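Before any comments, here is the structure.
The values are calculated or read from the model by the stated rules, or taken from the named source; none is laboratory data. Predicted model, so just to flag it, every value in this text is computed and none were measured. Neighbour counts are summed over all protein chains in view; Cβ atoms, including those assigned to glycine, are modelled from backbone coordinates with ideal geometry. What goes into the accessible areas is simple: the full protein's heavy atoms, side chains included, and nothing from ligands, DNA or RNA. Shrake-Rupley method; radii C 1.70, N 1.55, O 1.52, S 1.80 Å.
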Amino acid sequence: MTYPAAIRRGAVRMGFWEAFCAAILVAFAGVTVLRFTRGLGAVTNLSDRFPWGLWVGFDVLCGVGLAAGAFTLTAIVHIFNLRRFEPIVRPTVLTGLLGYLLVIVGLFFDLGQPWRIWHALVFWNPHSVMFEVAWCVMLYTAVLALEFSPIVLERFRLERLRRLVRTITTPLVIGGVILSTLHQSSLGSLYLIVPEKLHPLWYTPLLPFLFLVSAVGAGIGMTILESYLSERAFGRRLEMDLLEPLARGMVVALGVYGLLRIIIIVKSGAVAALRPPGYEGWMFLLEFGVGVIIPVGLLLVERVRTNPTGLTVAALLAVLGFVMNRLNVSVTGMEAAAGVRYVPSWMEVTVSLGLVALGFGLFALAVRYLPVFPEPTADRGA
Amino acid sequence: MSAAIRPALGLLSIALATTLGSGLLAAAEDGVELRLPADRTYDHAEGSPGPVLFRHGSHVPLADGRCVVCHPVPFRILRPTGGFTHEEMDAGRQCGTCHDGKKASGTQGDCAHCHHTGGDS
Amino acid sequence: MSVGLLYDSTRCVGCGACSAACKEVNDLPPPIEESTTAYTWTVVQNVGGANVRRLCFHCLDPTCVSVCPVGALQKTAEGPVVYDASRCIGCRYCIMACPFGVPKYQWDQPVPVVGKCILCAGRVARGLPTACASVCPTGATLFGEREALVGEARLRIARAPDAYVDHVYGLTEAGGTSVLMLSGVPFESLGLRTNVPKQPLPLLTWRILSEIPSFVSVWGAFLFGIHWITKRRDDVRAFEAAQREQRR
């Protein structure tokens, strides 16, 4: 059957979002060709003054951070033994695995010679934070693949293999939490080496710890968002009895994070950049308001926390605030010292959006063909 | 060197230096020691009327004291090259970049302008 | 013994012989650009009437060397910080991190590499001076042992205190560099960064990275401990429930 016929039959949905994703992916393919035939300069607005842009700030920093739900949830279930959260582990691990795989794809665009990505395996520099990030991301992606494998093995009824993998769950999860703690914080450590370049509203020796805590918060936020989107797309019900306590965890993470940020900028004197706020000051206030103040304020109200819409809105804001923070660290905070304003080119935006679209598409495919959710999904218009 | 050439070249250098007041020579007045590269003699090939003497002193002021005007293209700066021919000059390369008959004297006309004919070198 | 350069801006006449020699010895394509790029590794600029050379400072404890994940940048024993293009994966962390803004990238190439002054490491290893120093007509660029150059720089300031800013640029910046500079005007007016920390920057991250083995063991033990305690609690509950079942 032809594709248009399939759409008419209702076998394939072609709503607005599907059409939008398809358009993005077509543009994405075109940009990919340009990127590898004409080089980075032809496709990005990067320069010697501003060598890291959207692909580092969003694809890598946000991609890794937003996939943090996987290590948080697996820790909750397998280390803290809170078994009742088990039903949301599978979709969260799927989100994590897809997130890390897409970060690696994103790196293939950003690295000048990505076919040499394996070099970190044989050429070592333990003094480099990036070396440590590379190794942790590689190892952790393998851990995620192993944590996800029981789902695939179950589908193909490879019971013995599945049980074999299940026996190593505990060490796998512990390894995953250690690896995640290391590289989530190391993404912040990348910026420790530029104290004279990163704006004081973001630079602090505690940057690695701040990155870790905000990743935990954002990871939970993504888990809540993923549940909401799955409900809308696949007819899943929103497990409020599980998401509500998770939301409390997010409030604690964001609250601790927010308090720490305030203490840091007051003690370092960076708060002077808010009196009155210049460009960086406003970007900070926006990030802090959207990502910390409003979500924490909303979720402290029980009526909001126990309401699916309220919960989802708060989670969305927390995730947006997280993205703003990572972009503020990597872009906004570095602009003054660089002496240039950086705005990503439409081609850079296309690649980043394309990766997000791929993520959604692959998630939907996985849900359709693999036992990601415990109960069968409700059929839609079949 | 032929008795006729030396004073002529000397006058030329002084004239150019004073009229153009290059940065290099002005710096000499400020007390910065200058170390211009040594003059080069290019041996003549078959059929050439005589060797060619190249003096930095007569060319540097023309470039406003900027070595980059000639170096490293079309003239190398670290290991001097030779092999300068009229053929290359007439094609606008090597010395012909300037010595094309318009910006400066070219391969036609007075051979003695560049080649030391007769006498010792 | 490590070598370096002393660049005295007051003796520089802006002739650009250094740029020309650098292009030639490193086989770089023309033209000589206005500022350093991946294809032009040193330039001399006239900033507000004074001349200043732009080139790599070859730090004693280089930031670029410490951040490169694959060790493509190395500080040699003789002094130059060299670049191995065959290792480079193009992450551009060196460009992002260098406090002097030195490394540049081949943004126009599908197979790009980094470009920066390598202090003529090949010539230096053979006992020759750098190309730029060997052609400088005024001696504004001097090549020699770093110690000797520091002495010479201090001597010049002492002999003519009105002619120089009382600071040798590169003596303490980023923990000290092999390329030193003297100037008759404030260094920031030449476009040189004066906010470079005195402490070598690599220490800022090594402080943390060096603790990773300890961290992994402690954190791992803690996580296993939590698992063990909570699992035991579950096991005890299950055992007691089974006992209650038996009694019924």
Per DSSP, the loop-located GluC sites (Glu not before Pro) within segment C:162-248 having at most 16 other beta carbons within 10 Å are C:Glu211
For C:Lys23, counting only aspartates and glutamates whose alpha-carbon sits under 20 Å away and dropping same-chain residues fewer than eight positions off, the answer is A:Asp48, C:Glu33, C:Glu34, C:Asp84, C:Asp108
Computed for chain A: size of charge dipole around the Cα centre, +1 on C-beta of each Lys and Arg, -1 on C-beta of each Asp and Glu, debye to nearest 20, value 640 debye
Compactness summary of segment C:1-105: radius of gyration and Dmax from Cα atoms, Å, are 14.4, 42
Projected convex hull area of chain A, Cα atoms, direction-averaged, in nm², equals 20.8 nm²
Quick shape summary for the protein assembly as shown, equivalent ellipsoid via Cα gyration tensor, semi-axes whole Å in descending order, reads 65, 29, 23
Expressed as a percent, the portion of alpha-carbon pairs in chain C spaced more than 31 Å apart is 35 percent
Answer in debye to the nearest 20: the dipole magnitude of chain C about its Cα centre, from +1 Lys/Arg and -1 Asp/Glu charges placed on Cβ, is 940 debye
Computed over chain C: longest principal axis from alpha-carbon atoms vs helix C:146-159 long axis, angle to nearest 10 degrees, is 50 degrees
Under a 1.4 Å probe, counting only protein heavy atoms, B:Met89 has an accessible area in Å², nearest 10, of 30 Å²
Quick P(r) readout (segment A:6-156; Cα-Cα; 5 Å bins; whole %) gives 2, 8, 12, 15, 16, 16, 14, 10, 5, 3, 1, 0
Longest principal axis of chain C (C-alpha) makes with the long axis of helix C:212-247 (C-alpha) an angle, in degrees to the nearest 10, of 10 degrees
Those helices of chain A passing the 15 Å axial Cα length cut-off and the mean Kyte-Doolittle cut-off of 1.0 (DSSP H runs only) are A:16-38, A:89-110, A:129-155, A:207-234, A:240-267, A:308-327, A:346-369
In whole µm²/s, the translational diffusion coefficient that Stokes-Einstein assigns to segment A:234-333, given a Kirkwood hydrodynamic radius over C-alpha pairs, 20 °C and 1.002 mPa s, equals 148 µm²/s
Straight-line reach check, C:Lys198, cutoff 30 Å on alpha carbons, 8 or more apart in-chain or any other chain, hits among lysines -> A:Lys197, A:Lys267, C:Lys75, C:Lys104, C:Lys116
One computes Rg over Rh for segment A:273-382 from alpha-carbon atoms, with the Kirkwood Rh, and obtains 1.11
Computed about the Cα centre, the charge dipole of the protein assembly as shown from +1 Lys/Arg and -1 Asp/Glu charges at the Cβ has a magnitude in debye, to the nearest 20, of 2820 debye
Expressed to two decimals, segment C:127-239 has a Cα Rg over Rh, using the Kirkwood radius, of 1.45
Between the residues C:Gly220, C:Val168, C:Gln243, the Cα farthest towards the positive end of the dipole of segment C:123-248, that dipole coming from +1 and -1 charges on the beta-carbon of Lys, Arg, Asp and Glu, is from C:Gln243
For segment A:255-382, dividing by residue count, accessible area per residue (probe 1.4 Å) in Å² works out to 49 Å²
Trypsin sites (Lys or Arg not before Pro) in segment A:255-350 lying in a DSSP loop, each with at most 10 other Cβ atoms within 10 Å of its Cβ, come to none
Quotient of Cα radius of gyration and Kirkwood radius for segment A:141-235, i.e. Rg/Rh, equals 1.14
Sorting A:Trp52, A:Trp17 on solvent-accessible surface, 1.4 Å probe, most exposed first, gives A:Trp17, A:Trp52
Loop-resident trypsin sites (Lys or Arg not before Pro) in segment A:194-239 with no more than 16 other Cβ atoms inside 10 Å, DSSP not H/G/I/E/B, are A:Arg237
Regression test value, accessible area per residue of segment A:46-122, probe 1.4 Å, units Å², expected 28 Å²
